[in-house]
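Visitor: Next up is a structure, given as structure tokens.
The values are calculated or read from the model by the stated rules, or taken from the named source; none is laboratory data. Not measured: the values here are computed from a predicted model. Methodologically, a virtual Cβ is constructed for each residue, glycine included, from the backbone with ideal geometry; neighbour enumeration extends over all protein chains shown. Side chains are part of the model used for accessible areas, which takes the heavy atoms of the whole protein and leaves out ligands, DNA and RNA. Shrake-Rupley method; radii C 1.70, N 1.55, O 1.52, S 1.80 Å.
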Amino acid sequence: MRTIGVVTVSRSDYGIYMPILRRIQSDPELRLHLIVSGTHLASEFGSTVEGIERDGFTVGDRVEMLLSSDAPEAIAKSMGLGTLGFAQSYARCRPDVLLVLGDRFETHAAVTASLPFNIPVAHIHGGECTEGAIDDALRHSITKMSHLHFVSTELYARRVVQMGEEPWRVVVSGAPSLDNLASVRLLSREELEAKHSVPARDPFLLVTYHPVTREWERTETQMAELVEALEQVGMPAVFTYPSADTGSRAIIGMVREFVARHPRTKLVVSLGTPDYFSLMNVAAAMVGNSSSGIIEAASFKLPVVNIGTRQDGRLRGRNVIDVGYGRDEIRRAIEQAISKEFRECLRDLVNPYGDGRAAERIVSTLKTVELGDGLVRKRFHEM
């Protein structure tokens, strides 16, 4: 039986992993070893490890690594603690293949620790760019430490090969999060109102804003512009928590203050994939700088106002309206996004991130790839 170690460090990557975890869990030839870390273990971010267990998954190991601070020094120290913790985890249980996702600093620590163990690493969502965040460098670094690459589009496959990775190692799987659309039951407006106090009758905005880590010194200024734009628009809004990056606490504080002044707004610490998708399905528009606005929103034909530079470099559908940080620009973009005319032009929109069969392709490769020196020993592919 082949053991697949999977590292999950946040509510967002867990939702993307879900179809893959289910498929591994149900395969008699595979054993799932789930390693949980990052914000999953932090009460401040909702202790979402409990939700993982409620979903029926056994947590194979827990790696505590986050310091209670979002300062640059604390993030760097957390990366060091994570490397130590994941090394201890692999010493206790060395998986045959380690599956990781994305570009988080917690994930980078997990992959760095795997190097001396010669564990083959399979990486999901490589080749993408987020030029406004340090995640960009982390993602490309993870690519160079990985041995299999499950990318979401042909463009990203070419980028991974351009980085010197051998073409046989690259699989265009599509984005795994889109697989959830076939299995997740979406909540009605009334159910969302009862569960999360979301306005059921009035159009509302779904707001997800994360720190722009290459511009973290300007986080409060940027967030103030967004808050003022929302003030001017005057629509009900549902805010979700930001990622645990430098500047996140400033964002949380400003959102809490805004919500306290506006009874038709709501801040939710952790939604889970079904509820988050349900909100995307009924929201008038999405506002912020989340990757979900770039990757998943197109499947709901949801208009997205993408603010600033965090997602610069990513492929996007025509449902995305890119704007800067100014309040007037954001307000005008929201007004455009919620207009009937803009919604109408998205009727035939096709999501560029895949067909909803990513988990099938990923797990099939994990099952059949030949393990050993040929997988771990990498050659630089010359263009």
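Visitor: Please specify each residue of region 101-130 satisfying the condition of being part of a helix (DSSP H, G or I) and open to solvent by 10 Å² or more (accessible area, probe 1.4 Å).
Guide: Within region 101-130, His108, Thr112, Leu115, Pro116, Phe117 meet the criteria.
Visitor: Mind listing whichever residues of region 49-92 are over 30 Å from Thr219 (Cβ atoms) and part of a helix (DSSP H, G or I)?
Guide: Matches in region 49-92: Glu53, Arg54, Ala87, Gln88, Ser89, Tyr90, Ala91, Arg92.
Visitor: So, one more: Of the numbered conditions (1) more than 21 Å from Ser177 (Cβ to Cβ); (2) open to solvent by 10 Å² or more (accessible area, probe 1.4 Å); (3) within 19 Å of the chain's Cα centre (by Cα), Thr58 satisfies every one except a single condition; which is it?
Guide: Every condition holds for Thr58 apart from (3).
Visitor: With Glu217, Glu225 as the choices, which residue is free of Cβ contacts under 8 Å to residues at least 40 places away in the same chain, more than 20 Å from the chain's Cα centre (by Cα) and assigned to a helix (DSSP H, G or I)?
Guide: Glu217
Visitor: Residues that are more than 16 Å from the chain's Cα centre (by Cα) and assigned to a strand (DSSP E or B): does region 306-313 have at least one?
Guide: yes
Visitor: Something else now. Please state which one of Glu335, Glu344 is without any contact (Cβ under 8 Å) to a residue 12 or more places away in the chain and farther than 29 Å from Ser47 by Cβ. Walk me through it before giving the result.
Guide: Values: Glu335 fails: without any contact (Cβ under 8 Å) to a residue 12 or more places away in the chain.
Being without any contact (Cβ under 8 Å) to a residue 12 or more places away in the chain and farther than 29 Å from Ser47 by Cβ holds for just one of Glu335, Glu344, which is Glu344.
Visitor: Do we have Asp322 as in contact with a strand residue (DSSP E or B) (Cβ under 9 Å, 6 or more places away or on another chain), open to solvent by 60 Å² or more (accessible area, probe 1.4 Å) and free of Cβ contacts under 8 Å to residues at least 24 places away in the same chain here?
Guide: In short, yes.
Visitor: Select from region 236-255 the residues that are within 19 Å of Leu192 (Cβ to Cβ) and touching a Gly at 6+ places or on another chain (Cβ under 8 Å) and list them in ascending order.
Guide: Scanning region 236-255 gives a single hit, Tyr241.
Visitor: Can you find, within region 64-100, the residue that is surrounded by the most Cβ atoms within 10 Å (Cβ to Cβ) among those that are of a type in the set (Gly, Ala, Ser) and in contact with a strand residue (DSSP E or B) (Cβ under 8 Å, 6 or more places away or on another chain)?
Guide: Only one residue fits best here, namely Gly82.
Visitor: Further question: Open to solvent by less than 10 Å² (accessible area, probe 1.4 Å), in contact with a helix residue (DSSP H, G or I) (Cβ under 6 Å, 6 or more places away or on another chain) and not in a helix (DSSP H, G or I) - does that describe any residue in region 151-159?
Guide: So far as region 151-159 goes, yes, one or more of its residues are open to solvent by less than 10 Å² (accessible area, probe 1.4 Å), in contact with a helix residue (DSSP H, G or I) (Cβ under 6 Å, 6 or more places away or on another chain) and not in a helix (DSSP H, G or I).
Visitor: Ok, one more. So Tyr276 ticks every box in (1) modelled with pLDDT of 95 or more; (2) in a helix (DSSP H, G or I) but one. Which box is left unticked?
Guide: (1)
Visitor: Under the condition of being within 18 Å of the chain's Cα centre (by Cα) and open to solvent by 40 Å² or more (accessible area, probe 1.4 Å), which residue from region 233-270 is modelled with the highest pLDDT?
Guide: The residue in question is Val269.
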